[in-house]
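One structure is given here, and the rest of the page talks about it.
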């Protein structure tokens, strides 16, 4: 058995030339994983498009219908930051389905990785910051409500606070939100996660990893989650244009191993999404995101899941 990896060609839809969201990174990551033999056909799983029912388990019916029907007002589209199109609807719904499938595979195999996901700025009633529907929240809500798990820990290490996720689950004791993010970065109005760790601008590998190791093991021991949803955004990287932190490739890779080993060694399944990451060089950006899958493959083999 090898590490389960989730991908669908619908993860990509065209954007206008020069748009700052690197939509093609999802395809570039997939192609890199295949090219380097990190994702073989037997490892690949293809998600379904999330139904309205799944989306409405978290999001207001009116918002889901307005976005999917192309009826959102101009201000709401501007807040999202992506131009509406039927392709964007399909891409967004497929990514949500992908994270739910990743979580289901993690429960079955102990560890699984998506090649998209991490849209943590989406709130119940609106989207924000390139995020339309909150895939982490939908997966968590569906698994909790179905009774497949009783406790979920969301570990969000994207450089930006998981504000939408925090707001959605502020009154849900079965889903614990942990966000470790740059204090001087978007969103500038923060929400209240169950645990927020604000990191100073310019923080480098050693200090970052020390903070992570200070909090994560105790959280896992205290909460005893049945599943961890891990948002492994690579925008803490030193050259990320939207980041403001200073992690290196080595730091990111060690971060991934720290999270995955901490969970798997305790017998806690972990489902990974790639989160944020921005760069003009798609090959370099895909490599940054692939550090998650490389670390996951090592941990999967190390623990013989």
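The values are calculated or read from the model by the stated rules, or taken from the named source; none is laboratory data. Keep in mind the model is a prediction, meaning the values are calculated, not measured. Neighbour counts run over all protein chains shown; Cβ positions are idealised from the backbone, glycine included.
Quick one: would you say residue 208 is touching a strand residue (DSSP E or B) at 6+ places or on another chain (Cβ under 7 Å), surrounded by fewer than 17 Cβ atoms within 10 Å (Cβ to Cβ) and modelled with pLDDT of 95 or more?
Against the criterion (touching a strand residue (DSSP E or B) at 6+ places or on another chain (Cβ under 7 Å), surrounded by fewer than 17 Cβ atoms within 10 Å (Cβ to Cβ) and modelled with pLDDT of 95 or more), residue 208 does not qualify.
Collect the residues in region 135-167 that are touching a helix residue (DSSP H, G or I) at 6+ places or on another chain (Cβ under 7 Å), closer than 26 Å to residue 203 by Cβ and in a loop (DSSP other than H, G, I, E, B), keeping them in residue-number order.
157, the sole residue that qualifies.
Find the residue count for region 84-129, including only residues that are assigned to a loop (DSSP other than H, G, I, E, B) and either in contact with a helix residue (DSSP H, G or I) (Cβ under 7 Å, 6 or more places away or on another chain) or buried (at least 24 other Cβ atoms within 10 Å of the Cβ) (or both).
15
Inspect region 168-180 for any residue being closer than 17 Å to residue 240 by Cβ and assigned to a strand (DSSP E or B) and give the result as yes or no.
Taking every residue of region 168-180 in turn, at least one turns out to be closer than 17 Å to residue 240 by Cβ and assigned to a strand (DSSP E or B).
Quick one: how many residues across region 23-61 are in a helix (DSSP H, G or I), free of Cβ contacts under 8 Å to residues at least 40 places away in the same chain and within 19 Å of the chain's Cα centre (by Cα)?
1
Looking at region 143-164, which of the residues that are out of contact with any strand residue (DSSP E or B) (no Cβ under 7 Å at 6 or more places or on another chain) and surrounded by fewer than 21 Cβ atoms within 10 Å (Cβ to Cβ) is nearest to residue 186 (Cα to Cα)?
By that ranking, first place goes to 151.
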